[in-house]
Amino acid sequence: MSNKGYFFSALFFSAMILFLHSCKGDGLLHDASGSFEADEIIIAAEAMGAVVSMDLQEGEKVAKGQLLGRIDSIQLHLQKDQVNASVEAVRLKQNEAEPQLAVIRKQITTAKNEWEAASSQFTALAKEQARIHKLFAGAAATQQQKDDIDGKTEVMQKQLAAINSKIDVLKAQYESTAAAVRIQNRGLLSEVKPLEKKGEILSDQLLRTRIIAPSDGIVLTQYVREGEWVSPGKAICKIANLDEMTLRAYISGDQLPNVKLGQKVNVYIESGDEKEKTYTGTLSWIADKAEFTPKTIQTRDERTQLVYAVKIKVKNDGHIKIGMYGEVDLSPKS
């Protein structure tokens, strides 16, 4: 081999050594690696119509229960008003029978008052009758006096009987009228119930025209703008709670026996100037099946072809972003 050949061979092997060394230096420094994700929620429309207001912007925080926008609800309000008017009209028909019963109740009360007054008079007459009869037996009262008191007492007895009969008639009239009213109201009630049910459906539909945040989070993507037409199921926006992030990492089968749910681990991200920022994470999920190593993932052993996905919950201080790369030490170092 010529000197020139030796020179190029030596240069090639030197370059290979430098390349392998550089690859080793840039390789995985910890036990596993992956990328961060968050629990994302897509808020979808629950009603059909034009979006009449939208109070959200990408990147802003929203709170659970916050009103984010409204879908046009004019037609639903008009239908609800119509149902309410129909219900009120039926209820007015129910109330029309009440005055009849009120009149009869008043007549019964008047008759009872008459009976009370007549009963008091009869009690007084009965005492007087007993006194006259006693005097008559002792020849201290005349036959005329006895006949007069007996006549008055008999008249009062008949008057009491007549009042009692009147009360009985009024009570029977009241019961028959009340029964007729109940029958009438049952028929009216059969009209009211479907209307009330329709009103409940409309109330629910009106609630669904309000676009509400289901949880705290950050608006990641806004899909719909004010004035656009939506139908049920159409995505309005996507939010995610970034207070707690999830690192989806991958471990080899050899590492699998060394992990368990709830295990504390160290999580690392780059923080600039080639420095690492360290977090404490909690292992929250371990895949039950292996998968081929994703192309974007580095492992301790580059020859590893099958890996197990794991999820690690990490409290976010604001530095962790969705899609950011992170590494893990399964046995935290003190």
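Numbers below:
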quantity: Dipole moment magnitude, nearest 20 debye, region 77-207 about Cα centre, only Lys, Arg, Asp, Glu C-beta charged; calculated: 200
quantity: Inter-site label distance for T280 and A180 at 7 Å from Cα along Cβ, in nm; calculated: 8.3
quantity: Selected from G217, G34, I201, residue furthest toward positive end of dipole (the chain; charges at beta carbon); calculated: I201
quantity: Residue-span extension gain [E200 to E226] - 0.36 nm each, minus C-alpha spacing; calculated: 6.6 nm
quantity: Set of region 230-252 residues, backbone N closer than 20 Å to the point 7 Å along the Cα-Cβ line of K315; calculated: 241-248
quantity: For the chain, with +1 on Lys and Arg beta carbons and -1 on Asp and Glu, the positive-most of Q94, Q66, L170 along the dipole; calculated: L170
quantity: Residue-span extension gain [H77 to M324] - 0.36 nm each, minus C-alpha spacing; calculated: 84.2 nm
quantity: Given charges at beta-carbon only (K, R positive; D, E negative), |dipole| of the chain in Debye; calculated: 1020
quantity: FRET efficiency for K106 and Q157, using Cβ-Cβ distance with R0 set to 22 Å, rounded to 0.05; calculated: 0.25
quantity: The chain - percent relative contact order, Cα under 8 Å, separation 6 or more; calculated: 32
quantity: Positive-end extreme of charge dipole, the chain - chosen from L160, I108, A137 (charges on Cβ); calculated: A137
quantity: Contact order normalised by residue count of region 77-207, Cα under 8 Å, 6+ apart, percent; calculated: 47
quantity: In nm, spacing of pseudo-spin labels at S119 and K264 (7 Å Cα→C-beta vector); calculated: 8.6
quantity: Approximate spin-label separation A63-L256, in nm, with each point projected 7 Å along Cα-to-Cβ; calculated: 4.7
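Any read-out appearing in this document is the output of simple, stated calculations on the displayed coordinates, not a laboratory observation. Not measured: the values here are computed from a predicted model. Glycine gets a Cβ as well: all are built from the backbone with ideal geometry, and neighbour counts include every protein chain shown.
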